[in-house]
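Take a look at the structure set out below.
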Amino acid sequence: QEQLVESGGGLVQAGGSLRLSCRDSGRTFRRSPMAWYRQPPGKEREFVAAVGWLGGSTTYADSVKGRFTISRDNAKNTVSLRMNSLKPDDTALYYCARGYGGSWVEGRVDAWGQGTQVTVFS
């Protein structure tokens, strides 16, 4: 069964960094756009960042621009999210998502991971 598995979450002090990874066991990764979403406690899930299937096209939520970097390794079927200058507001369950159609389009998702928890304390 194809699945997305996230890793790399944890507890970090404000100002610190974390790197999340997501491995896709499916066969469509290399031609699929990928994204990260997050769900803060008591709030709805929100978009964080996305990358096109070739890796050259990226987009970010305003709240993370300049602090987070999304990247992918098509040889390893993985997508990563490097998070710097973390803030307590970044505390959330972070999800990996696989899109379809080449370029990322909001809402066009065909698979989700189970999530990895990121907790930022001040």
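Here are some notes:
- Taking first residues from segment 75-91 that are under 17 Å from Gly26 (Cα atoms) and partners that are of a type outside the set (A, V, I, L, M) and surrounded by 22 or more Cβ atoms within 10 Å (Cβ to Cβ), the Cβ contacts under 6 Å between residues at least 6 apart in sequence or on separate chains come to Asn77/Asp24; Asn77/Phe29; Val79/Cys22; Val79/Arg72.
- Among residues of segment 44-66 being within 13 Å of the chain's Cα centre (by Cα) and of a type in the set (A, V, I, L, M, F, W, C), the one that is surrounded by the fewest Cβ atoms within 10 Å (Cβ to Cβ) is Ala61.
- Here is the figure for segment 15-25: residues that are under 12 Å from Asp90 (Cα atoms) and surrounded by 14 or more Cβ atoms within 10 Å (Cβ to Cβ) total 2.
- Test result for Asn77, touching a helix residue (DSSP H, G or I) at 6+ places or on another chain (Cβ under 6 Å), at pLDDT 95 or above and farther than 15 Å from Thr58 by Cα: yes
- Val12 of a type outside the set (S, T, N, Q), in contact with a Cys (Cβ under 9 Å, 6 or more places away or on another chain) and either surrounded by fewer than 22 Cβ atoms within 10 Å (Cβ to Cβ) or at positive phi (or both): no
- The number of residues in segment 1-23 that are within 13 Å of Trp112 (Cβ to Cβ) and at pLDDT 95 or above comes to 4.
- Positions within segment 70-86 being open to solvent by 70 Å² or more (accessible area, probe 1.4 Å) and outside any loop (DSSP other than H, G, I, E, B), in sequence order: Arg82
- Within segment 53-70, residues that are touching a residue at least 24 places away in the same chain (Cβ under 8 Å) reach partners that are open to solvent by less than 70 Å² (accessible area, probe 1.4 Å) and outside any strand (DSSP E or B) with beta carbons closer than 6 Å, at six or more positions or on different chains, in the pairs Trp53/Ser32; Trp53/Pro33; Trp53/Gly102.
- Meets criteria (assigned to a strand (DSSP E or B) and closer than 15 Å to Arg98 by Cα) for Trp36: yes
- For segment 1-29, the candidate set comprises residues that are small (Gly, Ala, Ser) and outside any strand (DSSP E or B); within that set, the residue that is nearest to Arg82 (Cα to Cα) is Ser17.
- Considering Ala50, Ala111, the condition of being of a type outside the set (Asp, Glu), in contact (Cβ under 8 Å) with a residue 60 or more places away in the chain and in a strand (DSSP E or B) is satisfied by Ala111 alone.
- Of the listed requirements (1) at pLDDT 95 or above; (2) open to solvent by less than 50 Å² (accessible area, probe 1.4 Å), Thr28 misses just one: (1).
The values are calculated or read from the model by the stated rules, or taken from the named source; none is laboratory data. Please read all numbers here as calculations on a predicted model, not as lab measurements. Cβ coordinates were reconstructed from backbone atoms using ideal geometry, including for glycine residues, and neighbour counts include every protein chain displayed. Each accessible area value is taken on the protein alone, full model and side chains, heavy atoms only, with ligands, DNA and RNA left out. Shrake-Rupley method; radii C 1.70, N 1.55, O 1.52, S 1.80 Å.
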